[in-house]
Amino acid sequence: MYKLLENIRAGRVSHGLMGKGGPNLVQHLASAGHEFVIVDMMHSNVDWTELSHMAWKARAEGLYPLVRLPANPWGSGAAVPDRRFSVDAERAFGSGAEGLIWSIASVEEARVMAHMGRDSHQGAPVTSAQELQAATEHSSNTRLLLPLIESIGALEALEEILDIDGISGVFIGCTDLAEVMGHPLDYLHPQVLAAVERACKSAKARGKIVLANTGYAFPSIEGQVEHAKALKKCGVNMLMLQTVEFNLFMIAKSISDGVRAA
């Protein structure tokens, strides 16, 4: 049993980070007390082999492995539902991922993935009806399907998305959502926080969860913590404390600035 799933069922808040590659970082996140890692395939050069290394390492450490699949919910192509999502989902499960995140522009792009929560593929051989049943039960009890809400189309369809059977909840992408709402990098703007609160209330009413991320406008550890507290106050169940790479940038810049000033 993953600690993340235990926390969700007990109503406790969990935290983790997103990483753009590197199996070694998984050990550090687990040792630091995080409950999940999100492998980013949307804004990185992570391929399926590297995803597999990171996901299976996370499993071994008891860290719940999610993957953010490639997507683009903005611009002129946003009106066309992306059927690639379910294909990539199969590859992700075969690579060891347990949870899926995909950025959507419409309710259709959430609905096309709803059945994946019961998918039996896990990247391991299934040689009997009993093993198939066990794999299906594992998926039903373990999978988290969290469509990423960071476009106006997805935000407008929020309740309809949460109503879909098989969808576990939503991921509120604070950075891009704030931008498309007309408040770039202003994560604490009343309208942005209201959107997060709306998602949390709607999800809770349906027995579902909300994941949200801290933002780039808080370039210090203290700033990240304060934003996390604001999200927690809104009712967020899973806190993504920015990316590993951004946190490294903050630390490296702080050290560099301190050395130059010495």
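The values are calculated or read from the model by the stated rules, or taken from the named source; none is laboratory data. Computed from a prediction, not measured in an experiment: that's the story for all the values here. No Cβ is skipped: glycine too gets one built from the backbone with ideal geometry, and neighbour counts run over all protein chains shown. The area values use the complete protein model at the heavy-atom level, side chains included, leaving out ligands, DNA and RNA. Shrake-Rupley method; radii C 1.70, N 1.55, O 1.52, S 1.80 Å.
Observations
- In terms of overall dimensions, the C-alpha atoms belonging to region 69-215 reach 54, 33, 25 Å along their principal axes, ordered largest to smallest.
- Cross-link partners for Lys204 among the lysines, with Cα-Cα distance under 17 Å and sequence neighbours closer than 8 places in the same chain left out: Lys232, Lys233.
- Scattering profile of region 119-176 at q = 0.15 Å⁻¹ [log10 I(q)/I(0), Debye over alpha-carbon scatterers]: -0.58
- Between Thr49 and Gln191, residue separation times 0.36 nm minus the direct Cα-Cα distance comes to 47.1 nm.
- For the listed residue pairs Lys201/Lys253; Lys57/Lys201; Lys208/Lys253; Lys3/Lys253; Lys20/Lys229, the alpha carbons are over 31 angstrom apart in Lys201/Lys253; Lys57/Lys201; Lys208/Lys253; Lys3/Lys253.
- Carbon and sulfur %, accessible surface of the chain computed with the full protein complex present, 1.4 Å: 55 percent
- Between amide H atoms placed 1.01 Å from N, distances below 5 Å from Gly169 occur with Leu145, Ile209, all of them 5 or more places distant or on a separate chain.
- At 1.567 mPa s and 4 °C, Stokes diffusion of region 163-239 via Kirkwood alpha-carbon radius, µm² per second: 103 µm²/s
- Trypsin sites (Lys or Arg not before Pro) within region 56-86, DSSP loop, no more than 11 other Cβ atoms inside 10 Å: Arg83
- In region 1-136, the inverse of the mean reciprocal separation of distinct Cα atoms equals 15.8 Å; this is its Kirkwood hydrodynamic radius.
- Value in Å of the Kirkwood radius, where region 206-262 supplies the Cα pairs that are averaged: 12.5 Å
- Calculated accessible area for region 1-59 comes out at 45 Å² per residue, all protein chains present (probe 1.4 Å; ligands, DNA, RNA ignored).
- Close amide-amide hydrogen proximity is noted between Gly99 and Leu66, Val67, Leu144, each under 5 Å apart and 5 or more residues distant or on a separate chain (H modeled in the peptide plane; Pro and chain starts excluded).
- Rounded to whole numbers, the Karplus 3J(HN,Hα) couplings from phi for region 136-152 are 5, 5, 4, 4, 4, 8, 10, 5, 10, 10, 10, x, 8, 9, 8, 9, 5 Hz, using 6.51 cos²θ - 1.76 cosθ + 1.60 with θ = phi - 60°, and x at Gly and Pro.
- Working from Cα pairs under 8 Å separated by at least six residues, relative contact order for the chain is 17 percent.
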